[in-house]
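*Asks:* Okay, here's the structure, questions in a sec.
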Amino acid sequence: MTDPRGPVHLSGELSLEVDGAGVQVHADGADVRIVAEDVGAFVTRVREAATARTGVAPGRRDLGGLAEVLAASGITAHLESPTRPVAVAGAGVDSPAGALLLGTRRVRPRAAVVVIAANRGRRLLAAGAVAAALGTVLVRRRR
């Protein structure tokens, strides 16, 4: 089924601080880019907010669901530190590594994330969920 409204086109900039570290969100077309100075702190706080909202910490199933919503909406979300990419989720992503590490092919962990996954797997899952959640919020605001 084709969406009669046509493809999603996002446009916007958002700057915020999480635990004193800057976070920039850039949306252009179907691309959302989140750059966090301290990815770990950002992911931890977003995870805490999601847990407070639902009473349950987000996990692999939630990450996969959000990545599917992004893909179905034609949106690709990128989570990055100022020096390297962390993860990409949504449209155009088909990752065997994501399937193995995260339970979804719609999230592509970058090389740096593989190291993080070995040491802090929960943060990795939350990082992908964060990217997908922010993209989903932008899609819902469009409607």
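Bear in mind that the values in this text are calculations on the coordinates, not laboratory data. Computed from a prediction, not measured in an experiment: that's the story for all the values here. A quick note on method: Cβ atoms are made from the backbone with ideal geometry, for glycine too, and the neighbour counts reach across all protein chains shown.
*Asks:* Excluding GLY98 itself, what net charge comes from residues whose Cβ is under 9 Å from its Cβ, given Lys and Arg +1 and Asp and Glu -1?
*Replies:* Details: positive: ARG105, ARG106, ARG108; negative: ASP94.
Net charge around GLY98: +2.
*Asks:* Additional query: Could you state the number of Å between the C-alpha centres of the stretch 63-98 and the stretch 1-60?
*Replies:* If you average the Cα positions of each part, the centres end up 11 Å apart.
*Asks:* More than 17 angstrom separation, counting every C-alpha pair in the stretch 12-121; what % is that?
*Replies:* On the way: 3372 of 5995 pairs.
In whole percent, the share of Cα-Cα pairs in the stretch 12-121 beyond 17 Å is 56.
*Asks:* Another one. For GLU13, GLU80, GLU68, which order do you get if you count the other beta carbons within 10 Å of each Cβ and list the fewest first? Intermediate values should be presented prior to the final figure.
*Replies:* Working: GLU13 9, GLU80 19, GLU68 16.
By the 10 Å Cβ count, ascending, the order reads GLU13, GLU68, GLU80.
*Asks:* Note down the net charge around GLN24, summing +1 for each Lys or Arg and -1 for each Asp or Glu among other residues with Cβ under 11 Å from its Cβ. Each step should come with its number before you reach the end.
*Replies:* Numbers: positive: ARG33; negative: GLU13, GLU17, GLU37, GLU80.
Around GLN24, the charge tally is -3.
*Asks:* Roughly what would the spin-label model give for ALA41 and ALA97, points 7 Å off Cα along C-beta, in nm?
*Replies:* Here the modelled spin labels are 2.7 nm apart.
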